[in-house]
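Below: one structure, written as structure tokens.
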Amino acid sequence: MILKKINDLLKNINKKILKIMKYGLQFSFMICIISTAILCTYLLFYHDSFLYLLGINSFKLGIIFGIEFIICGLSVDAIKNYGC
């Protein structure tokens, strides 16, 4: 029941909003990939607390950006379709 509502909601999103969400998720995914590379560098080559904190914080930033793009895209679509 809930999955059907979510599936219907995602099918009926405006194409422009879906495009913005897609590019935003790609951007946040790239941030997460870069932060993973930083953390692998920390783990394998150079043990420094600054490098560790940079990797962890940038990974958190990528996750937060991804969630924000999803939530804001769904919110804008709901406001545009249903009005408030």
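The values are calculated or read from the model by the stated rules, or taken from the named source; none is laboratory data. No experiment lies behind these values; they were computed from the predicted model shown. The area values use the complete protein model at the heavy-atom level, side chains included, leaving out ligands, DNA and RNA. Shrake-Rupley method; radii C 1.70, N 1.55, O 1.52, S 1.80 Å.
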Axial C-alpha extent at least 30 Å, average Kyte-Doolittle at least -1.0 - helices from the chain (DSSP)
15-44, 49-82
What area, in nm² and to one decimal, does the C-alpha convex hull of the range 27-76 cast on average over all directions?
3.1 nm²
Partner lysines for residue 19 [C-alpha distance under 19 Å; skip if fewer than 8 residues away on the same chain]
11, 80
Averaging the inverse of every distinct alpha carbon separation and then flipping it gives the Kirkwood radius. What is it for the chain, in angstrom units?
14.6 Å
In Å², what does the accessible area per residue of the chain work out to with a 1.4 Å probe?
80 Å²
